[in-house]
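Notes to accompany the following structure.
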Amino acid sequence: MTRPPLPPFTAVTAAQKVRAAEDAWNTRDPERISLAYSVDSWWRNRSTFVQGRAAIVDFLADKWQRELDYRLIKELWAFTGDVIAVRFAYEYRTAEGQWFRAYGNENWRFDEDGLMTHRHASINDVAIDASERLFFWDASGPRPADHPSLSDLGL
């Protein structure tokens, strides 16, 4: 199974890979998302370590039980060969109604088939009021092309 675009990345293909990841994560479909990762993919997500697609599915299913109304924006930071660095922010609320904006950086490594073999994510959550939210689009689909990027939003 291949997952284009494939390394070595260019500015165009790295940006395509980042947008494809953003669109997939905004589906909140752990099974679909897991297919972008190698069978033995290794993650560090904050202080949690995960390995393998089955563990990724479990991790994401649990995540979206807690993080409701999730909307994510990713932005290419840097790339070279088979590595992409991303910065991102996402908004979500808890079951109690508290809104958060999570800010983070990810480092990704890919195999020759375009599957992510490593994901290192550093993330900080900041409580916000509902009036401070910036990510508004129909959560049943990807971020519209005309919705501001992180840079456009000053994040």
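The values are calculated or read from the model by the stated rules, or taken from the named source; none is laboratory data. Predicted model, so just to flag it, every value in this text is computed and none were measured. Accessible surface is based on the protein model in full, side chains and every heavy atom, while ligands, DNA and RNA are left aside. Shrake-Rupley method; radii C 1.70, N 1.55, O 1.52, S 1.80 Å.
Worth pointing out:
- Distance from the C-alpha centroid of segment 128-142 to that of segment 40-62: 25 Å, rounded to the whole angstrom.
- Segment Thr94..Leu155, full-extension length gain: 19.8 nm, with 0.36 nm per residue of separation and the alpha-carbon distance subtracted.
- Computed [θ] at 222 nm, deg cm²/dmol, the chain (DSSP H ≥ 4; -39,500 (n - 2.57); rounded to nearest 500): -6500 deg cm²/dmol
- Folded to 0 to 90 degrees: helix 11-25 orientation relative to the chain principal axis, Cα: 50 degrees
- Exposure ranking of Arg46, Arg71, Arg32 by accessible area [1.4 Å probe, largest first]: Arg32, Arg46, Arg71
- Accessible area, probe 1.4 Å, largest first, for residues Met1, Met116: Met1, Met116
- Solvent exposure of segment 17-155, expressed per residue, is 48 Å² of accessible area, with all protein chains present and a 1.4 angstrom probe.
- Crossing angle, helix 53-66 versus the chain [Cα axis fit, 0-90 degrees, rounded to tens]: 10 degrees
- Sequence-distant contacts, meaning Cα pairs under 8 Å at least 6 residues apart, place the relative contact order of the chain at 26 percent.
- Among Asp113, Asp40, Asp129: highest mean-square fluctuation, GNM of the chain, C-alpha pairs under 10 Å: Asp129
- Accessible area of the chain belonging to carbon and sulfur atoms, whole % at 1.4 Å probe: 53 percent
- Once all protein chains are placed together, Thr80 keeps about 90 Å² accessible to a 1.4 angstrom probe.
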